[in-house]
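One structure is given here, and the rest of the page talks about it.
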Amino acid sequence: MIDLVIPDKTHDEERQGEALMLEPAEGKNSGRKLYIESYGCAMNFSDSEIVASILQESGFETTKDYNNADVVFINTCSIRENAEQRVRNRLKEFTIAKVKNPGMIVGVLGCMAERLKSKFLEEEKLVDVVVGPDAYRDLPNLIDTADGGQKAVNVLLSREETYADINPVRLNSNGINAFVSIMRGCDNMCSFCVVPFTRGRERSREPQSIVKECTDLFKAGYRELTLLGQNVDSYKWSKPHPALSKGEGSDVLAGEVLSSGEDLGEALTTFANLLEMVALISPELRVRFSTSHPKDITDEVLHTMAKYDNICNYIHLPVQSGNSRVLDLMNRTYDREWYMERVDAIRRIIPGCAISTDIITGFCTETEEEHQETLSMMDYVQYDFAYMFMYSERPGTLAAKRYADDIPEAVKSRRLQEVIAKQQQYSHVRLLKEIGQVQRVLIEGFSKKSDKDYAGRSDKNAMVIFPVDERFKPGMYVDVVVERCTTATLIGKIVS
Ligand code: 5AD
Ligand code: SF4
């Protein structure tokens, strides 16, 4: 299977198997060593920080070498088939380490847990602990159980868990960029997608706890936060009515509350409201978000983005297909025209806003003409970035139940190559247009290739490389004039 990924830190696949480090703390497991490896999307990496925080409370410290760990966790992704195979191979390597270190506990966390629990635990005997994404608070107990020689499993999904009160340990952080999870789960039921099954129902996190976490991060020196969720623009939080929350609910019928004339609208926090609340923390704090569903990206969100300079002009708006019949089969709940209208609205309300997308080629029954419509959608939008995949059938999804996976691999692959070729062309065109322009860049650190250069990202999420100037340090904003570009990077020099 060929997946092409154009790098973006917030997205799936770019970050694979990073081991995380945290400081030791006192507690029951004091001195015990934890190794966590994370795969997949930014949500998984963000979840690993929550897991690390929970285990730090019970005394664990981390190691970067799984050979000397007491507990080895792998935080998985199951969105596409190849991710599962990669995790299985890695677990086999951990099993070999376990022979030398028999007390070692090996566990699987996250999205793959529910589906593969019996396979990994009983059939293949690869793991001792299996924990789903809503059960991380139970980890200390589950580790106790596994210490006692028993297999430990908790894959229950929750309708409420948002880990709102847990202050994630920032692991492997540059101290400048951080992810803040604002919602969990997904109710969209796109027919190709396992997420609604692996991560459960959609629930939003209480806004004050989000604003507090963001404010604390800003005070600690962080300058760019990405609000994360499977579908951030359907974020919704309603404050319980004061009468109901004081336990007086039995005296107040819901109908009375609703018709009493009190403005319940005021108590509702939408994604646009939340975005504004975070943007208002400081003009020095950049705000990004990911991922948006085209059905939910309202003009209200776009106007909020336009109003605040520190909300980055970048929207990840997965189209998946450019054809209305395929979109219908995918259960995306919008059609080609709706998507184009939303792109027009972005161009109108936020001129110059960067747009990226996800595309799946060879979905069930996709014809050649329908594939051409995906290509023509790419011509229409001229995406800045794209994440492009061949369709891979996932067990239990609506598509797996309803439709035959009938497009031959060779055809899926050829269509993918056509999509990739077109995207490479537009990504390059987009960067070429920046030459001669001045970009505001947040310095993130030294460039990977040379400590004589700084690297940072523009408002539109393009990577920019420029010579170090001692007056400016990572975490500061600089204006950079773009002089040239490679296929994925802008190169320039500081002008102020
Ligand atoms: N096959 C191929 N790609 C998929 N994605 C999700 N499920 C599948 C699948 N079964 C892609 C979608 C989604 C991205 C995160 O992964 O494009 O937006
Ligand atoms: Fe999956 Fe669709 Fe939800 Fe995205 S919006 S997580 S593709 S079901």
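The values are calculated or read from the model by the stated rules, or taken from the named source; none is laboratory data. If you're wondering where the values come from, they're calculated on a predicted model, not measured in any experiment. Every residue, glycine as well, gets a Cβ built from its backbone with ideal geometry; the counts of neighbours run over all protein chains shown. Only protein heavy atoms, including side chains, enter the accessible area calculation; ligands, DNA and RNA are left aside. Shrake-Rupley method; radii C 1.70, N 1.55, O 1.52, S 1.80 Å.
So the values come out like this:
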| read-out | value |
| --- | --- |
| Verdict on D379 being within 16 Å of ligand 2 (Cβ to nearest atom), farther than 19 Å from D459 by Cβ and open to solvent by 10 Å² or more (accessible area, probe 1.4 Å) | no |
| Answer residue from segment 311-355, given it is surrounded by 18 or more Cβ atoms within 10 Å (Cβ to Cβ) and of a type in the set (S, T, N, Q) and is farthest from M378 (Cα to Cα) among those | N313 |
| 1 or more residues away from ligand 1 (no atom under 16 Å from the Cβ) and modelled with pLDDT of 95 or more: qualifying helices (runs of 4 or more DSSP H) within segment 363-441 | 368-381, 409-432 |
| Subset tally (residues that are outside any helix (DSSP H, G or I) and within 16 Å of ligand 1 (Cβ to nearest atom)) for segment 310-360 | 20 |
| Flag if G185 is at pLDDT 90 or above, open to solvent by less than 30 Å² (accessible area, probe 1.4 Å) and not assigned by TED's automatic domain parsing to the domain that holds E61 | yes |
| Qualifying position, being in contact (Cβ under 8 Å) with a residue 12 or more places away in the chain, open to solvent by 80 Å² or more (accessible area, probe 1.4 Å), assigned to a helix (DSSP H, G or I) and within 16 Å of Y39 (Cβ to Cβ), among R137, R115, R88 | R115 |
| Given (1) in a strand (DSSP E or B); (2) of a type in the set (A, V, I, L, M, F, W, C); (3) open to solvent by less than 30 Å² (accessible area, probe 1.4 Å), index of the condition L217 fails | (1) |
| Scope segment 189-209; condition buried (at least 21 other Cβ atoms within 10 Å of the Cβ) and either more than 8 Å from ligand 2 (Cβ to nearest atom) or of a type in the set (G, A, S) (or both); matching residues | T198, G200, S204, R205 |
| Single condition S458 does not satisfy, out of (1) in the same structural domain as R286 (by TED's automatic domain parsing); (2) among the small types (G, A, S); (3) crowded, with 16+ Cβ neighbours inside 10 Å | (1) |
| Segment 418-437 residues that are of a type in the set (D, E), paired with ones that are buried (at least 17 other Cβ atoms within 10 Å of the Cβ) (beta carbon under 6 Å, 6 or more apart) | E434/V482; E434/L490 |
| Pairs with Cβ under 7 Å, 6+ apart, first in segment 24-43 and in a loop (DSSP other than H, G, I, E, B) and at pLDDT 90 or above, second charged (D, E, K, R) and surrounded by fewer than 20 Cβ atoms within 10 Å (Cβ to Cβ) | R32/D70 |
| Of the criteria (1) of a type in the set (G, A, S); (2) open to solvent by less than 40 Å² (accessible area, probe 1.4 Å); (3) on the phi < 0 side of the Ramachandran plot, which one G475 fails | (3) |
